[in-house]
Amino acid sequence: MVTEVKVLVLRAPGTNCDREMAEAFQLAGGVPRVVHINELISGEVNLRDYQVIGLAGGFSYGDDLGAGKVQANEMRLRLFEALKGFMTRSGLIIGVCNGFQVLIKTGILPGPPDPALPLVTLTNNDSGRFECRWVKLTAEPSNPCVWTEGITQLEVPVAHGEGKLVAAPEMLSRLRPVFYYADEFGKPTAEYPANPNGALDNIAGLTDNTGRVFALMPHPERFIRASQRPRWTRQSIDEPGAGLKVFQNGIKAARDS
Ligand SMILES: NC(=O)CC[C@H](N)C(=O)O
C-alpha cells in the first residue's frame with residue numbers, strides 16, 4: 001500500500017492553474033510537484049515515480065490551433081506510450097478545463113487511449129465568447145468515476161472559451177458522463193447561462209471505463225476553501241470548499257491501489 005501519494009501537476013507554456021491545482025492536492029493529503037512538459041519529454045522526470053497526474057487549466061501554447069491542441073500533439077507524439085504505461089499501472093489522471101481539452105485531443109478520452117484520435121472534441125462555446133461564472137453540476141448517478149465518489153451535486157466556477165463537447169454519432173456509446181450542467185433545481189439543462197457552452201447532452205465532465213481518468217470543464221481547484229465562494233461571509237465556513245472532495249477522492253483511490 002502506498003502511503004505517500006506523489007502527484008505530478010503538469011504545466012506547459014501558457015498553463016495558469018498549476019499552482020492552484022498543486023495546492024488542492026496538497027490540502028487533500030497528496031505530495032504534488034509542478035512539472036514542465038519539457039522535463040517529461042527530456043526524460044528528466046519519469047511518470048513511473050508518480051501515482052497521479054493532474055493536467056492543469058490555462059491557455060497552453062496560447063490556445064494556438066485550438067485550446068489544448070499543441071500540448072496534446074506534444075503528448076501524443078512524444079509521451080503517448082509513457083502515458084499508456086502509467087494507466088496500465090493503475091495511475092490516476094485528472095484534467096481540468098485546458099486539461100480536459102488536452103485529454104480529449106491526445107486521444108486518452110473518451111478511452112481507451114487511441115492515438116488515431118476518436119471523433120470527439122471540445123470547441124467554441126455557443127455564445128461565441130469566454131464564459132466565466134459559477135455553475136451548478138449534477139452527477140450522472142451510475143458513473144464509475146473514482147474521483148467523484150459520494151458527490152451528487154457540485155457548484156464550481158467555469159472559465160473557458162472552448163468548452164462545448166461535440167461527438168460523432170458513433171462515439172456516443174463510448175462517452176461516460178460524470179457531470180451535467182444543471183439548473184437551480186439540479187436538473188440537467190441546455191439553457192444558457194446555466195449551461196455555459198451548449199455541450200452535447202449538457203456534459204460538463206467525463207470519465208473512461210476504468211473510472212480512473214476524470215476530465216471536467218469547471219474548476220474544482222478554485223473551490224477548495226469556503227471563502228472562495230461568492231457571499232461566503234453570509235454562510236457557514238466550517239466546511240472546506242466542495243471542490244476539495246474531488247482531490248481527496250483521487251488521493252484516497254491512489255492510496256487504496
Ligand atoms: N481555464 C482554462 O483552462 C481555459 C481553457 C481554454 N483556454 C479555453 O478558453 O477554452
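The values are calculated or read from the model by the stated rules, or taken from the named source; none is laboratory data. Quick caveat: nothing in here was measured; it's all calculated off a predicted structure. Note: ideal-geometry Cβ built from the backbone for every residue, glycine included; neighbour counts use all protein chains shown. For the accessible areas, the whole protein counts, side chains as well, though only heavy atoms, and no ligand, DNA or RNA atoms are used. Shrake-Rupley method; radii C 1.70, N 1.55, O 1.52, S 1.80 Å.
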Item to check | Extreme residue, farthest from residue 211 (Cα to Cα), among residues of segment 95-116 that are touching a residue at least 24 places away in the same chain (Cβ under 8 Å) and among the aliphatic types (A, V, I, L, M) | outcome: 102
Checklist outcome for this item: Within segment 37-65, residues among the small types (Gly, Ala, Ser) and part of a strand (DSSP E or B) come out as 54, 58
Item to check | Test: residue in segment 41-54 that is in contact (Cβ under 8 Å) with a residue 60 or more places away in the chain, open to solvent by less than 10 Å² (accessible area, probe 1.4 Å), in contact with a Gly (Cβ under 7 Å, 6 or more places away or on another chain) and within 16 Å of the ligand (Cβ to nearest atom) | outcome: no
Checklist entry - Of the residues in segment 152-183, how many are away from the ligand (no atom under 12 Å from the Cβ) and touching a Lys or Arg at 6+ places or on another chain (Cβ under 6 Å)? => result 2
Checklist entry - If you go through segment 77-110, how many residues are of a type in the set (A, V, I, L, M, F, W, C) and part of a loop (DSSP other than H, G, I, E, B)? => result 4
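Might you check whether a residue that is in a loop (DSSP other than H, G, I, E, B) and closer than 18 Å to residue 22 by Cα occurs anywhere in segment 230-240? Lay out the reasoning, then the answer.
Within segment 230-240, the subset in a loop (DSSP other than H, G, I, E, B) is 230-231, 235-240.
Adding the requirement that they be closer than 18 Å to residue 22 by Cα leaves 240.
Within segment 230-240 (the criterion being in a loop (DSSP other than H, G, I, E, B) and closer than 18 Å to residue 22 by Cα), the answer is yes, since at least one residue qualifies.
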Next on the checklist: Return the residues of segment 178-212 that are open to solvent by less than 50 Å² (accessible area, probe 1.4 Å) and on the phi > 0 side of the Ramachandran plot; say none if nothing qualifies.
Outcome noted: 186, 198, 202, 211
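When you scan segment 118-125, do you find a residue that is in a helix (DSSP H, G or I), in contact with a helix residue (DSSP H, G or I) (Cβ under 7 Å, 6 or more places away or on another chain) and near the ligand (Cβ under 10 Å from one of its atoms), even just one?
In the first step, residues of segment 118-125 are kept if they are in a helix (DSSP H, G or I); the result is none.
Looking through segment 118-125, none of the residues is in a helix (DSSP H, G or I), in contact with a helix residue (DSSP H, G or I) (Cβ under 7 Å, 6 or more places away or on another chain) and near the ligand (Cβ under 10 Å from one of its atoms).
Assess whether residue 141 counts as being modelled with pLDDT under 95 and either in a helix (DSSP H, G or I) or open to solvent by 20 Å² or more (accessible area, probe 1.4 Å) (or both). Before you say what the answer is, go through the steps one by one.
Numbers: modelled with pLDDT under 95: no; either in a helix (DSSP H, G or I) or open to solvent by 20 Å² or more (accessible area, probe 1.4 Å) (or both): yes.
When the stated conditions are applied, residue 141 does not pass them.
Yes/no per residue for (1) within 16 Å of the ligand (Cβ to nearest atom); (2) farther than 30 Å from residue 225 by Cβ:
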{"position": "18", "(1), (2)": "yes, no"}
{"position": "25", "(1), (2)": "no, no"}
{"position": "34", "(1), (2)": "yes, no"}
{"position": "83", "(1), (2)": "no, yes"}
Next on the checklist: Among the residues that make up segment 220-239, is at least one of them under 22 Å from residue 58 (Cα atoms) and among the small types (Gly, Ala, Ser)?
Outcome noted: no
Checklist entry - Which residue out of 70, 135 is more than 18 Å from residue 208 (Cα to Cα), within 16 Å of the ligand (Cβ to nearest atom), open to solvent by less than 50 Å² (accessible area, probe 1.4 Å) and in a strand (DSSP E or B)? => result 135
Checklist outcome for this item: Scanning segment 94-113 for residues that are buried (at least 16 other Cβ atoms within 10 Å of the Cβ) and more than 16 Å from the ligand (Cβ to nearest atom) gives 107, 108, 110, 111, 113
Checklist entry - Does segment 7-36 hold any residues that are assigned to a helix (DSSP H, G or I) and surrounded by fewer than 21 Cβ atoms within 10 Å (Cβ to Cβ), and which are they? => result 19, 20, 23, 26, 27
